[in-house]
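The structure under discussion appears below in the form of C-alpha cells.
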C-alpha cells in the first residue's frame, strides 16, 4: 500500500479537492478527501497523447525496442502515461512493419505507456497533405485495410472524400479502430455525412482541413457546428492563443483533446530533421518543410497543458478532461483518466506552476524531477 | 382606449403568454395576462431594420417625400415600425442632401417609422468594397465628418483600418452616432483595438469582413470571440442556413440584429437595377454585380424573421430580440421593442405561420392584410 498525501486531487468528474490517495496493486485503492486547503502538489490523471510522431530523435517510422523504451521514459517526464506512436503516410509494408513491431513490444511487457498505433494517412487528400509525403497518399481499399489493421491500430486519420472511405468504415468498426477526419478538403456536407456515419472526431483541428466560409462552412464549420470531438495542437504556433480560447468557449472542455503532433526534433535543439522522407528545419522550436509548411510540432505535453491553461484560464478539472479523460473516453481506454477508487494508478504530480514533479504508471514511480 | 385581445404576447424580456393589450394615446396602457392557451394571433414588438437601401423601386440615394412615404407604407406590410434608410458610399454633397432630406421628413411628421439615417461608407476599405462604388471610397477626416453628421445620422459603417478612423470617433460619439465595423479587411488586432475603443458592432456579419484563420482570426474571429453585436442578412443567400444557426448557437440571440440590406429591387420582379451607380442584376431574388459580387439583397423583413426561426428553431421571445429589441437597445431607441406598459404601441400581429396580419404604429393600424 502506497500513500500519495496532501495533494490537490483533480478528478475530471468529481472536481478538485485536497486529500490523500491510497494505491495498491497498481490501482487506486481509495481517495480520501481532507478538510483542508493546504497542499503541496496537484495530482491529475496521467496525460494521454493520441497523436505523436516522435521526440528526442525517436520516430515512429524507424523504431527499435530501445528507441521506444527511451521514448516512453522521456514522456514520463512530461506526465504522459499513455500514447499512440503515430505513423505518416507510408507504403503498406512499412505500416505493417511498424504496427507489428509495436504490437509485439506491447505484448512483451507487463505494462507500458504505449497503447497502440495511430495511422495518420495514407488515405488522405493530397490537397491538404501538410507535411505528408505526396508519393504515399492513396485511395483506401477494403483489401489493403484488412491487411494493415490489427488490434494494435487504435486510431486512423482519413479524409472522408478519398475513394473507398465508406467501404472501409465497416472493417475499421469491426476492428474497433476509431476513425478521425483529417488532412481533408471535404466541404460541410461531406463532413456531416461522415459524422452521420458515426465518425465524430477531427485530427489536429483546424490544421489541414477546409476553412470556414459563410456559404460553405467547410471542415472548420463542421467542427464548430456539429458535435465533433477535436484534437488540438496547443503550441502557440499552429494556433493563435485567442483561437484556442475561442474554440474552448465554443466547444467546451468536453470536446477537446490536447495532442502534441510532435516529431523527432521535440526535446532536441533546433536543426535539420526528417519526417517520412521529407526535409524538416526546426528554428526556434518551429518545424517547417522547405516551402514553409508546418511539419508537425516540437511541442512537449507538459508545455501543452501549461499553454492551454494560460490561453483559456480553464479550471484544473477541465484541464484533466482535455489532457486525458476525453482521450480515454474517445478511444474507450478502460480504467484510466480518473483519480477514483478502482482506476489504474496512472497519476501525474505537478507543482503549482504545473511542472511535472512525479509520474506514476500502474502505481510505480516512473519519473521523479530533481 | 383600444383592446388587442386573445393574442400570444411575445415580450423579449417577460417571454410568451396569452393575454390582452390595452392601448391608449399611442402607448401600451396595460398588458393583461390570461389563464389560457388559446389565441389567434401572435403579437410582437414592431420590427426594426437598421440597414436597408430601399425597396419597391425606392432608393435612399434618390428619394422624394412621396417615395419615402411609399417605402414606410410598404414596410408596414412587413411588420417594420422603425427603419434607417441607408446610403452607399457617395460624395459629401449627396450624403448631406440625403440626410437633410430625411431630417426634414422626420420633423414634418407627428410620427413616422423613419428613425434616421445609416451611412454605409464611404470610409471603408476598398479591398472589401462589396457592391460599394470604388470611386467614392475615401479616408475619414474630422472636417468632413463634422459636415456630414447631424442628429439624424444614427449609425455609420466604417472600416477601422481607414485613415482617420480614430480621429473621427470622438466627433461621432459626441453626436451619438453609433459606429459599426464593416467593409473591412482589418485583422483580429485591429478589430479588437476598435472594440476596446467602444465600437462593439459589426455590419452584415460576416459579409465583407476578413475571414477566420486559426493564426489570424480576422474580423470573423473577432466577431465570434469578442462581445460584438452583429447584423445578419438572413435571406438564405448571403449566409448558409447552418451558418446562421451556428452563429445563433455561438453568439446567442442577444447579440444578433436581423437586417435586410435590401435594395430598390426588393418587393419587385427580377430584372436590371442600379445601386449607387453600379449595375445590378436580380435573378431568382439574388442581386449581383456583373462580376457576381452580391449587391445587397431583395430580402423583406417578414421573410427574414421566418428564415431565422426556421434555420435556428429559436423561441418567439428570441425572435423578438433579433427582430427589434436588440436593435432598439443598440441605438438607444427609447420606449419601443417591448410589449409592456408605458411602451409605444408599435406592435405587429402575426398568424401562426408568422405572416404579418396587422401592424400598429403609435397605436394606429397602419397595415391590415386581406
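Since every read-out is calculated from the coordinates, none of them should be taken as a lab result. This is a predicted model, so every value here is computed, not measured. FYI the Cβ positions are ideal-geometry reconstructions off the backbone, even for glycines, and counts take in every protein chain you see.
Cα-based values for the range B:254-370, radius of gyration first and Dmax second, are 16.5, 51 Å.
Secondary-structure-derived ellipticity at 222 nm for the protein assembly as shown, considering helices only, amounts to -7500 deg cm²/dmol, per-run term -39500 (n - 2.57) for DSSP H runs with n ≥ 4.
Scaled to the globular estimate 2.2 N^0.38 Å, the Cα spread of the range A:216-291, given as radius of gyration, is 1.32. Computed over chain A with a Gaussian network model linking Cα atoms closer than 10 Å, the most mobile of A:323, A:134, A:89 is A:134. Compared with the rule-of-thumb size 2.2 N^0.38 Å for a compact globular protein, the range A:86-173 has a Cα radius of gyration ratio of 1.09.
Taking the three principal axes of the alpha carbon atoms in the range A:296-337, the coordinate ranges are 29, 27, 13 Å, sorted in descending order. For the range A:183-321, the Kirkwood hydrodynamic radius comes to 15.8 Å, computed from all pairs of different C-alpha atoms.
Between copies, residue A:20 shows label-point distances of 7.3 nm, shortest first, with the point placed 7 angstrom from Cα along Cα to C-beta. Of the peptides B:224-233, A:14-23, the ranking by mean beta-carbon count within 10 Å, highest at the top, reads B:224-233, A:14-23.
Express as a percent, rounded to the nearest 5, the fraction of DSSP beta bridges in the range A:47-335 (both residues included) that run antiparallel. The antiparallel proportion sits near 30 percent. Counting every Cα pair in the range A:145-244, what percent are over 24 Å apart? For the range A:145-244, the fraction of Cα-Cα distances above 24 Å is 23 percent. Determine the shielding of peptide A:211-221 by partner chains: average, over its residues, the number of Cβ atoms on other chains within 10 angstrom of each Cβ. Across the residues of A:211-221, the mean count of other-chain Cβ atoms within 10 Å is 6. Remark on the protein assembly as shown: hydrodynamic radius 28.6 angstrom, per the Kirkwood mean of 1/r across alpha carbon pairs. Just so you know, the averaged projected area of the alpha carbon convex hull for the range A:1-101 sits at 8.5 nm².
Here the simple spin-label model places points 7 Å from the Cα toward Cβ, and for residue B:174 and residue A:364 these points are separated by 7.8 nm. The long axis of helix A:65-76 is offset from the longest Cα principal axis of chain A by roughly 60 degrees.
With both bridge residues required to lie in the range A:1-101, what share of the DSSP beta bridges run antiparallel, to the nearest 5%? Bridges in the range A:1-101 are about 70 percent antiparallel. For the protein assembly as shown, what proportion of DSSP beta bridges, expressed in % and rounded to the nearest 5, is antiparallel? Within the protein assembly as shown, antiparallel bridges account for around 60 percent of the total. For residue A:108, the label point sits 7 Å beyond Cα toward Cβ; its separations from the matching points on the remaining copies run 9.5 nm, from shortest to longest.
The orientation-averaged projected area of the convex hull spanned by the Cα atoms of chain B comes to 17.3 nm². Compute the separation of the alpha-carbon centres of the range A:194-230 and the range A:103-130 and state it in Å as a whole number. When both Cα centres are located, 22 Å separates them. Going by Cα centres, the range A:289-341 and the range A:31-57 are how many Å apart? So the two Cα centres are separated by 11 Å.
In this structure, residue B:20 and residue B:274 have a Cβ-Cβ separation that, at R0 = 51 Å, corresponds to a calculated FRET efficiency of about 0.60. Each part gets one Cα centre, and for the range A:66-82 versus the range A:143-192 those centres are 28 Å apart. Give me the angle, in degrees from 0 to 90, between the Cα long axis of helix A:92-107 and the longest principal axis of the Cα atoms of chain A, rounded to the nearest 10. The angle comes out at about 20 degrees. Helix B:241-251 versus the longest principal axis of chain B: what is the Cα-based angle in degrees, 0 to 90, to the nearest 10? Roughly 90 degrees between the two axes. Taking 10 °C and 1.306 mPa s as conditions, the range A:250-321 diffuses translationally at an estimated 118 µm²/s according to Stokes-Einstein applied to its Kirkwood radius (Cα pairs).
Length gained on full extension, residue A:291 to residue A:32, computed as 0.36 nm times the residue gap minus the Cα-Cα distance: 87.8 nm. Each of B:113, B:36, A:30 was scored by other Cβ atoms within 10 Å of its Cβ. Listed from fewest to most, they are B:36, A:30, B:113.
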